[in-house]
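Bear in mind that the values in this text are calculations on the coordinates, not laboratory data. This one's a predicted model, so the numbers in the text were calculated from it and none came from an experiment. Positions of Cβ are backbone-derived with ideal geometry, glycine not excepted, and every protein chain shown enters the neighbour counts.
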Amino acid sequence: MNQLIDALATQGYYIWDDFLTPTEVAALRDCIPEDWKNARIGRNDETSREETIRSDKIQWLSSSMGNPVGQFLDKMEQIRLEANRHFYLGLFEYEAHFAKYEKGDFYQKHLDCFKGNENRRLTTVFYMNEQWDESDAGELVVYDLDDNHIATIPPKSGRLFVFLSEQFPHEVLPTNAERFSIAGWFRINGVKDNQLDIAR
Ligand code: OGA
Ligand code: MN
């Protein structure tokens, strides 16, 4: 946790390898229900299906999916509290989805705090690809706001990537093999059209 906090302070992102053990990852994967939905861009009423931008399928996490999901969410809660304690970010809640990329699927370069998602401050991406090989591709490529290349991150099992949502455009390169991840966002609270903006 200290390394995460230090890295966020100095570079704005952190690659946390072996965040979960292979056994924990397997248990988490076993919790994913079969019922995948096409991913959408934006939140609430503003969502639109954009196959040209992203082609993965998603499912929102809930602790009712099983203990491993509950334990994952508990770990995210620890990160939320530590980040708030050190950076006064005012992170208010966490929303996350499983994502499944099948062969050929991708997500073009984007920022996570686009229209309808302005409240996202800190992003987490967790990978669950036990046998990932270089030929499988599907790497996450990360840039800074001046479009300089920052990192190319293989989606290796057990790896958690954490970054400031507003600072790093990123893309998922087309994958050659089925690819599972959990993308999540810590949000600050916001008011929208005189309504409190609670996730979904
Ligand atoms: C996202 C995203 C990255 C990944 O869902 O916004 O950027 O590697 N996902 O799954
Ligand atoms: Mn993203």
### Query
GNM on the chain, C-alpha springs below 10 Å: top fluctuator among Gly138, Gly116, Gly158?
Gly116
### Query
Taking only the alpha-carbon atoms of the chain, what semi-axes of the equivalent ellipsoid follow from 5 times the gyration tensor eigenvalues under a square root, in whole Å, largest first?
23, 20, 19
### Summary
Once the in-chain neighbours fewer than 8 apart are removed, the lysines whose Cα is under 18 Å from Lys115 read Lys192
### Message
Using a Cα-Cα cut-off of under 16 Å, which lysines could be cross-linked to Lys57, ignoring same-chain neighbours fewer than 8 residues away?
### Response
Lys37, Lys100, Lys103
### Task
Give me the distance in nm between label points sitting 7 Å out from Cα along the Cα-to-Cβ direction at Leu73 and Arg85, one decimal.
2.2 nm
### Query
Top mean-square fluctuation among Asp147, Asp105, Asp136, Gaussian network model of the chain, C-alpha springs under 10 Å?
Asp147
### Summary
Honestly the range 132-183 on the Cα gyration tensor test (a ≥ b ≥ c root eigenvalues; a/c under 1.5 rounded, otherwise a/b vs b/c for prolate or oblate) is just prolate
## Note on the structure
Taking Cα pairs closer than 8 Å and at least 6 residues apart, the relative contact order of the chain in percent is 27 percent
## Note on the structure
Per the helix-only model, the chain has a calculated mean residue ellipticity at 222 nm (DSSP H runs of ≥4, -39500 (n - 2.57) each, divided over all residues, rounded to the nearest 500) of -6000 deg cm²/dmol
